[in-house]
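The values are calculated or read from the model by the stated rules, or taken from the named source; none is laboratory data. Here the structure is a predicted model, which is why all the values come from computation and not from measurement. Glycine also receives a Cβ, built like all others from the backbone with ideal geometry; neighbour counts cover every protein chain displayed.
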Amino acid sequence: MYTGEQFPTTRLRRLRSCAWIRDLVAESSLGVQNLVQPLFCGEAQELEKGWKGFAPFYRKCEDVPKFVEETLLPSGVSAVALFPVIKDEQRDAQGSVGLRSDGLIARTIRALKAQCPGITLIADIALDPFTSHGHDGIVTDGQVDNDGTLEVLAEMACLYAEAGVDIVAPSDMMDGRVRVIRKALDKDGFQNVKILSYAAKYNSAFYSTYRAMLRKMPVDGLCKKTYQLDIRNSREAVREALMDVTEGADFLMVKPGLLCLDILSRLKAETAVPLFSYHVTGEYAMLRTASDEGLIDYHQGLWEALSAMRRAGASGIITYGALDAALFMQEASQRL
Ligand code: PBG
């Protein structure tokens, strides 16, 4: 698109001259409705492993509803993504603790829905928090067993649906899981439970911060390259996305969010489903540690990162900074 505009007749700075005009011509916006706060829940009173910067997002299972009711909802953030922190000794090779109906996540979903009925709950579907080896699927003969994992994922999805979850989010990257989960949910009468598929989930060092929170790092030889996408590819992400839509995904996730803005904008053009972006632990920790060092302004940097994901095409953004961003925006609007 060449418009033939030329300086000095055209001066683009005219449209940047004051806050009102900048807001008027803004091509995207960021609001609390776009934000999802991840919360880690476990049995210990405090987060025992990993970077201390994540302590604010950890709660003992029973304390999650109080935090949501008293802190999160008043900020305007009304969607939460739940992740379990399982004790090392409770994990096994099959991840069987993940299928218990009195498990951490099912209990937290029930308690939250009872105390905060207005909340939207997203639960991650994968085996890695529950398995001793840390893989997202069942391991048979040293290989992550795709088809053997599908039924387990479907069972987990139905368990969370039964507890009252709104959205299940398979993050395991097994082939065919969206179809199997949709079928199982429908069979059990959960037609309204939505599927947010991590369609474009790349193998990334930026998840190490998350893994270090769940277990001792590094897990010996843990490598997810046989199921997560290769960072060098983008057409493959489109194939993944289109297959997941065909299988019944309601939304698609792109992850890591900041590293994959190009993928987000590509999926925006090549699919018609609403998209989510995941501002992952490593990306968030980079911003926080840099701001702790006085190198970047935390709130401004966070707002920019989230706005960039909106600009690239995300409807929803999962970010550890959701609460902070909501409070920052609230304060900024009061200053006007
Ligand atoms: C795995 C899972 C991962 C994250 C969420 N679910 C990482 C992984 O694949 O090891 C990472 C989240 C983050 O880093 O913020 N099912």
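Observations on the structure shown:
- In the stretch 289-323, the residues that are surrounded by 19 or more Cβ atoms within 10 Å (Cβ to Cβ), away from the ligand (no atom under 13 Å from the Cβ) and either modelled with pLDDT under 95 or over 20 Å from residue 26 (Cβ atoms) (or both): 323
- Residue-level analysis places residue 106 among those that are touching a Lys or Arg at 6+ places or on another chain (Cβ under 8 Å), closer than 30 Å to residue 163 by Cβ and crowded, with 21+ Cβ neighbours inside 10 Å.
- Single residue of 118, 137, 98 found to be within 13 Å of the ligand (Cβ to nearest atom) and assigned to a loop (DSSP other than H, G, I, E, B): 137
- As a summary of the residue check, residue 176 satisfies the conditions (1) surrounded by 22 or more Cβ atoms within 10 Å (Cβ to Cβ); (2) closer than 24 Å to residue 260 by Cα; (3) away from the ligand (no atom under 16 Å from the Cβ) except for the one numbered (1).
- Among the candidates 249, 269, the residue that is more than 19 Å from residue 178 (Cβ to Cβ), at pLDDT 95 or above and away from the ligand (no atom under 12 Å from the Cβ) is uniquely 269.
- From the options 137, 42, residue that is surrounded by 22 or more Cβ atoms within 10 Å (Cβ to Cβ), more than 22 Å from residue 158 (Cβ to Cβ) and among the small types (Gly, Ala, Ser): 42
- Search result, residues across the stretch 195-205 that are surrounded by fewer than 21 Cβ atoms within 10 Å (Cβ to Cβ) and near the ligand (Cβ under 9 Å from one of its atoms): 203, 204
- Test for residue 241: is it within 16 Å of the ligand (Cβ to nearest atom), under 29 Å from residue 184 (Cβ atoms) and of a type in the set (Gly, Ala, Ser): no
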